[in-house]
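*Asks:* I have a structure here, written as structure tokens, and I will follow up with some questions on it.
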Amino acid sequence: MPGRRHVEITDNTYIIDGLPAVYVESSDAVIIADLHLGYEEAMSRRGVFLPRLQYKRIIRVIREAYESTEASKLIIAGDLKHEFGKLLRQEKLETARLLQEARRTGYKQIIVVRGNHDNFIGPILESLGAEFRDSVELDSKILVTHGHRMEKIEGYKLVIMGHEHPSLQVMIGGAREKFPAALLVPTSPGTQILVLPPSGLYQVGNNISMSKNDYLSPIIRELGIIEDAVPIIVDEQEGTMILPRLEVLQEIV
């Protein structure tokens with residue numbers, strides 16, 4: 001495979017090194033989550049003015065993911081857009097530009113999984129030739145969902161989701177640094193959950209915790225075996241680092 005190296009997480013499923021993106025080789029699909037397009041406009045309406053960097057970063061991620069995989073499919077696992085209650089101008093414009101750029105890059109099929117922020121976007125996606133679904137099943141063994149609602153996961157080998165925006169704080173040289181992270185969570189039914197880091201630049205992440213109550217997804221809260229979850233730092237500068245499971249990590253840091 002050309003480009004960035006791939007870090008195998010489970011059979012045929014890889015994190016593209018340093019990117020908030022997963023490649024499922026058997027389905028030839030790149031999966032990202034939590035883009036939150038339009039975040040800067042939403043914040044400006046609240047009096048907080050941010051540089052419009054979110055879209056640029058996401059385009060770079062999908063290009064580099066394609067260069068490393070030449071995947072035919074791009075799946076966005078929810079929260080393509082940011083604003084709950086309306087469709088902002090920035091969201092509409094950047095959604096159209098992103099789909100055009102993804103096709104120009106080489107992706108043949110684009111699927112957006114509905115996230116809790118993705119209100120009012122369905123008709124636009126469909127008019128632009130993208131698919132808009134509640135979830136996506138790959139090879140009958142992998143389920144791609146956003147994670148904001150309960151799903152029946154029994155029988156799947158792996159569930160890939162977003163929603164949590166996981167991050168990990170690590171002590172380096174006496175100072176705490178925060179890194180975006182993925183999280184591999186075993187569950188009581190035997191299915192594994194792979195939580196993706198957010199693709200949005202400003203979605204800095206929620207701290208990975210040993211307490212189930214700290215997680216947003218009902219799937220993790222109800223079915224996750226948190227002490228055996230494995231955090232995976234995914235940083236563009238530092239690369240991808242698979243760490244010990246949380247119970248062990250808690251004892252050594």
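*Asks:* Points 7 angstrom from Cα along the Cβ direction at residue 56 and residue 214: gap in nanometres?
*Replies:* The modelled label-to-label distance comes out at 3.3 nm.
*Asks:* From the backbone phi of region 158-167, what are the Karplus-calculated ³J(HN,Hα) couplings (6.51 cos²θ - 1.76 cosθ + 1.60, θ = phi - 60°) in whole Hz, Gly and Pro given as x?
*Replies:* Per residue, the Karplus-derived 3J(HN,Hα) values read 8, 10, 9, 8, x, 6, 7, 6, x, 8 Hz.
*Asks:* Can you work out ³J(HN,Hα) from phi for every residue in region 149-157, in order, using Karplus 6.51 cos²θ - 1.76 cosθ + 1.60 and θ = phi - 60°, giving whole Hz and x for Gly and Pro?
*Replies:* 9, 5, 10, 7, 10, 4, x, 8, 6
*Asks:* A further question on this structure: Simple spin-label model, 7 Å along Cα-to-Cβ: residue 154 to residue 70 in nm?
*Replies:* The answer from the label model is 4.2 nm.
*Asks:* May I pose another question? Which aspartates and glutamates have a Cα less than 17 Å from the Cα of residue 108, not counting those fewer than 8 places away in the same chain?
*Replies:* 25, 28, 64, 67, 70, 126, 131
*Asks:* Right, next: Give me the base-10 log of I(q)/I(0) for region 111-253 at each q in 0.09, 0.18 Å⁻¹, Debye formula, one uniform scatterer per Cα, rounded to two decimals.
*Replies:* Computed log10 I(q)/I(0) values: -0.30, -1.07.
*Asks:* Mind checking the angle between helix 89-105 and the chain's longest principal axis? C-alpha axes, 0 to 90 degrees, to the nearest 10.
*Replies:* 80 degrees
*Asks:* Would you please give the FRET efficiency between residue 134 and residue 175, computed as 1/(1 + (r/R0)^6) with r the Cβ-Cβ distance and R0 = 35 Å, to the nearest 0.05?
*Replies:* 0.25
*Asks:* Between residue 116 and residue 8, what length in nm is gained on full extension when 0.36 nm per residue of separation is reduced by their alpha carbon distance?
*Replies:* 36.0 nm
*Asks:* Starting from the Cα-Cα distance between residue 202 and residue 48, subtract it from 0.36 nm times their residue separation and give me the gain in nm to one decimal.
*Replies:* Full extension from residue 202 to residue 48 adds 54.2 nm.
*Asks:* Of 56/81; 92/152; 56/92; 81/157, which sit over 21 Å apart, Cα to Cα?
*Replies:* Long pairs (Cα-Cα over 21 Å): 92/152; 81/157.
*Asks:* Based only on other Cβ atoms within 10 Å, what is the fewest-to-most ordering of 153, 111?
*Replies:* 111, 153
*Asks:* Treating the angle as unsigned and between 0 and 90°, give the value, to the nearest 10°, between the Cα long axis of helix 54-69 and the longest Cα principal axis of the chain.
*Replies:* Orientation of helix 54-69: about 70 degrees from the principal axis.
*Asks:* Over the alpha carbons of the chain, what is the largest minus smallest coordinate on each principal axis, giving the biggest first in Å?
*Replies:* On the principal axes, the chain reaches 49, 44, 37 Å in Cα extent.
Every number in this text was worked out from the coordinates using simple rules, so none of it is lab data. All of these numbers come straight from a predicted model, not from anything done at the bench. Neighbour counts are summed over all protein chains in view; Cβ atoms, including those assigned to glycine, are modelled from backbone coordinates with ideal geometry.
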